[in-house]
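Okay, so here's the structure we're looking at.
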Amino acid sequence: MSQEFYAREILPKHIKEIEALEERLGHRIYLQEDGDPSHGNKSKKNPCFVLKECAGLLILIHPAQSPDLNPIEGIWLIIKQRLRGGSWKTVAEFKEAICHKPRH
């Protein structure tokens, strides 16, 4: 994913939701991001940083692929193991491989 895509398609939706939550709850909410380059946290001259800065977001950054801090990383490992070396001709075959359902 590129910074441009993240800034155009994903970040505005998160900003809208965070603003709504902050209004409803009456306190600030953090946006949690890992170290993915598409999040634009390494420089101040990219569309993501500018958008987050203009929105006044509070950002909680943690290391990418850190299972202790981001539980989804354990799931990615399982999915990668299940899909290793596979070849699928249909979406149904791909879903079956992910779910590890036995073939009929």
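None of the figures in this text is laboratory data; all of them are computed from the coordinates on show. This one's a predicted model, so the numbers in the text were calculated from it and none came from an experiment. Every residue, glycine as well, gets a Cβ built from its backbone with ideal geometry; the counts of neighbours run over all protein chains shown.
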Restricting attention to the range 1-48, which trypsin sites (Lys or Arg not before Pro) occupy a DSSP loop and are surrounded by at most 15 other Cβ atoms within 10 Å? Arg28, Lys42, Lys44, Lys45
Mean shadow area of the chain over all directions, Cα convex hull, nm²: 9.3
For the chain, with a Gaussian network of springs between Cα atoms less than 10 Å apart, report the residue from Glu17, Glu93, Glu33 with the top mean-square fluctuation. Glu93
With the charge dipole of the chain built from beta-carbon charges (+1 for Lys and Arg, -1 for Asp and Glu) about the Cα centre, the Cα from Leu51, His14, Ser38 projecting farthest to the positive end belongs to Ser38
Residue order, fewest to most beta carbons within 10 Å, for His27, His62, His14, His39: His27, His62, His14, His39
In debye, nearest 20, what is the charge dipole magnitude of the chain about its Cα centre with +1 on Lys and Arg Cβ and -1 on Asp and Glu Cβ, if you could check? 440
